[in-house]
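Comments concern the structure below.
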Amino acid sequence: MFIKTKKFLNYKNDLKPKVKKLRQNMTLAERKLWYEFLRSHRYRFIRQKAIGNYILDFYCQKLKLGIEIDGETHLGDKNQEYDKARTNALNKLEIEIMRFWNDDILKGLSEVENIIENKIKEKENPLNPPFEGGQ
C-alpha cells in the first residue's frame, strides 16, 4: 500500500557531510546493489538518505522502504542493539527496513533482487494490511 504524501522527513543537518562522504565511498556490496539493480529500478531509490538521526544505505520514498547492507561491524551485541533501536525508530515513521549482509549481495545478487521485488509486490498490493513495524 502506498502512502501518498509529500511529507518531508526531517534529519539532523550535521549529517549532510557524512552523507556526501558515504555516497563517494560506497562499499563493494553497496556499489554492486546500486549499479546493478537499484539505480535503474522502476521505483526511485536514493543512496545514503538521511532520516532523523540516521542514514539509510538506500531509500524509496514512494514505497517507504529502506534497504540496509550490513558488514562485519554489525556483528557485535552492542551494534545489533543499535541496529534494532534504529529500525524501531524508522518503523515509527512507517519506514520498513530490509537488511542484507555484504556476502548476500556479493555472492547472490539475483536472490537479493528477488527478495526485494517480492517485498515491493507486497507493498503494491492494496489487499495486504498496512505495515505495522517490526521484522
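The values are calculated or read from the model by the stated rules, or taken from the named source; none is laboratory data. Just so you know, these numbers come straight off a predicted model, no measurement behind them. Here the Cβ is made from the backbone with ideal geometry for all residues, glycine too, and neighbour counts use every protein chain on show.
Scan the range 103-116 and give yes if some residue there is assigned to a helix (DSSP H, G or I), hydroxyl-bearing (Ser, Thr, Tyr), exposed (fewer than 12 other Cβ atoms within 10 Å of the Cβ) and out of contact with any helix residue (DSSP H, G or I) (no Cβ under 8 Å at 6 or more places or on another chain), otherwise no. Yes, because at least one residue in the range 103-116 is assigned to a helix (DSSP H, G or I), hydroxyl-bearing (Ser, Thr, Tyr), exposed (fewer than 12 other Cβ atoms within 10 Å of the Cβ) and out of contact with any helix residue (DSSP H, G or I) (no Cβ under 8 Å at 6 or more places or on another chain). Of all positions in the range 28-45, at least one carries a residue that is within 18 Å of residue 116 (Cα to Cα), polar (S, T, N, Q) and modelled with pLDDT of 95 or more. Every condition in (1) modelled with pLDDT of 90 or more; (2) assigned to a helix (DSSP H, G or I) is met by residue 19 except one, and the failing one is (1).
Under the condition of being closer than 24 Å to residue 14 by Cβ, over 9 Å from the mean Cα position of the chain (by Cα) and either modelled with pLDDT of 95 or more or not in a strand (DSSP E or B) (or both), the residues counted in the range 48-70 number 2.
In this structure, does residue 81 turn out to be at pLDDT below 95, under 28 Å from residue 13 (Cβ atoms) and acidic (Asp, Glu)? It would help to see each step written out before you state the result.
Numbers: at pLDDT below 95: yes; under 28 Å from residue 13 (Cβ atoms): yes; acidic (Asp, Glu): yes.
In short, yes.
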